[in-house]
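Bear in mind these aren't lab numbers, they're just calculated from the coordinates by the rules spelled out. Keep in mind that this is a model prediction, so the values were computed, not measured. Cβ atoms come from the backbone with ideal geometry, glycine included; neighbour counts cover every protein chain shown.
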Amino acid sequence: MVSGLSSRGADGRRLPTAVKIVIAGGFGVGKTTMVGTVSETRPLRTEEVLTDESVGVDDVSGVERKKTTTVAMDFGRITMRDEYVLYLFGTPGQERFWFMWDEVALGALGAVVLADTRRLADCFPSVDYFERRGTPFIVAVNCFEGEQAFDLAEIQTALNLGPNVPVMLCDARSLESCKKVLIDLILHAMKVRGLAPEPQQA
Amino acid sequence: MMPPEDPTQERWPDEPPRPAWHEPAPPPVPPLLDDPSGPMVRPYVMTSGRLEPARGKFDLITLVVAAIPEPDGQLGLGPEHLAILRLTQQVMSVAELTGHLDLPIATVRVMLGDLLDQGLISMQEPEPEADMHDIRLYKAVIDGLRAL
């Protein structure tokens with residue numbers, strides 16, 4: 001939505017439009033690393049304070065006296081020419097904060113689900129979430145140092161992904177690797193939204 | 001303020017009433033003013049208890065820019081409102097503002113609503129999800145990523 005009155009700055013210049021990509025996956029899989037690798041600025045953290053009422057009832061054991069919980073999301077920024085600014089949001093690690101996921105996923109160009117083959121099940125909730133929501137996503141297997149490469153078809157089968165969801169290897173510390181993941185995601189999102197008749201780039 | 005040793009602090013709210021032999025029971029305290037919820041108080045006070053902004057939705061990636069030059073503190077605004085006007089001399093997203101101010105998103109949203117209401121900021125909402133079929137958007141993002 002563009003409001004004619006409010007979309008120009010003090011100098012009358014039209015403001016750029018922001019778009020976002022979500023980086024999801026299990027705890028410690030490299031979401032924040034990926035955000036930091038591609039961000040032009042030091043990644044920032046945004047926080048929301050919750051009361052017990054908004055938190056899953058199954059998850060307060062051991063913290064019974066805790067009245068508030070802080071949900072944090074790390075995010076980075078990439079400025080694209082003059083018209084667009086891209087933000088990358090790492091989702092909160094715990095799946096119980098679904099309402100934050102909803103806020104981040106709404107209006108996202110697409111999502112990268114980061115996976116670690118040593119703990120593949122950790123990315124199931126993210127895959128389920130984006131499948132249900134209809135957000136275009138790809139799975140990127142973060143290859144930690146010294147880890148052997150896995151057969152991508154096996155991972156695709158293990159995650160029960162349809163043949164239309166791209167699966168690729170990546171190194172979240174490498175700018176070139178992260179760029180490729182994000183570009184492949186955008187190409188996939190175009191295809192899902194009927195914008196790219198040409199076949200997906202390998 | 002409750003004394004720290006007060007036993008009612010340790011109780012579940014849905015526990016049965018205290019038995020009569022446990023007298024004397026201390027007077028109840030209003031919620032949100034006791035020690036355990038201390039971190040909640042400051043942001044809540046900054047917004048005068050409001051939870052929703054007076055105007056605007058303020059998505060995390062809504063871009064905000066000040067509509068006036070850097071203020072000198074004569075506008076009758078609080079320090080956080082002034083900090084937003086200083087930060088938004090450059091175009092900045094709501095998420096970035098919360099990160100720089102180290103305040104919860106809901107608090108920043110309310111303060112942005114105040115500033116928008118007074119015409120002190122301009123904003124650009126992100127594209128709604130239904131409008132994500134503009135091929136120029138995707139091409140611009142791919143070009144921007146390739147240029148990294």
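Things worth noting here:
- Summed side-chain charge close to B:G76 - residues other than B:G76 whose Cβ falls under 14 Å, Lys, Arg +1, Asp, Glu -1: -4
- Peptide B:110-122 is shielded by partner chain Cβ atoms: per residue, an average of 1 of them sit within 10 Å of its Cβ.
- Take A:20-31, B:116-127, A:168-179 and order them by the average number of nearby Cβ atoms within 10 Å per residue, most first; the result is A:20-31, B:116-127, A:168-179.
- About the Cα centre, charge dipole magnitude for the range B:63-124 (Lys/Arg +1, Asp/Glu -1 at Cβ), debye: 100
- Amide hydrogen neighbours beyond the local backbone of A:G110, cut-off 5 Å, H modeled: A:V22
- Amide H partners (placed H, <5 Å) of B:S93, local residues excluded: B:V64
- Rounded to whole numbers, the Karplus 3J(HN,Hα) couplings from phi for the range A:159-175 are 8, 6, 8, x, x, 8, 9, x, 10, 9, 8, 8, 10, 5, 8, 9, 4 Hz, using 6.51 cos²θ - 1.76 cosθ + 1.60 with θ = phi - 60°, and x at Gly and Pro.
- Placing unit charges on each Cβ (+1 for Lys and Arg, -1 for Asp and Glu) gives the range B:63-124 a dipole about its Cα centre, and among B:I105, B:P69, B:H81 the Cα reaching farthest toward its positive end belongs to B:I105.
- With a Förster radius of 41 Å applied to the beta-carbon distance between A:E131 and B:R50, the computed FRET efficiency rounds to 0.65.
- The mean number of partner chain beta-carbon atoms within 10 angstrom of a residue's beta-carbon across peptide B:92-99 is 6.
- Between the range A:21-40 and the range B:105-146, the alpha-carbon center distance in angstrom: 21
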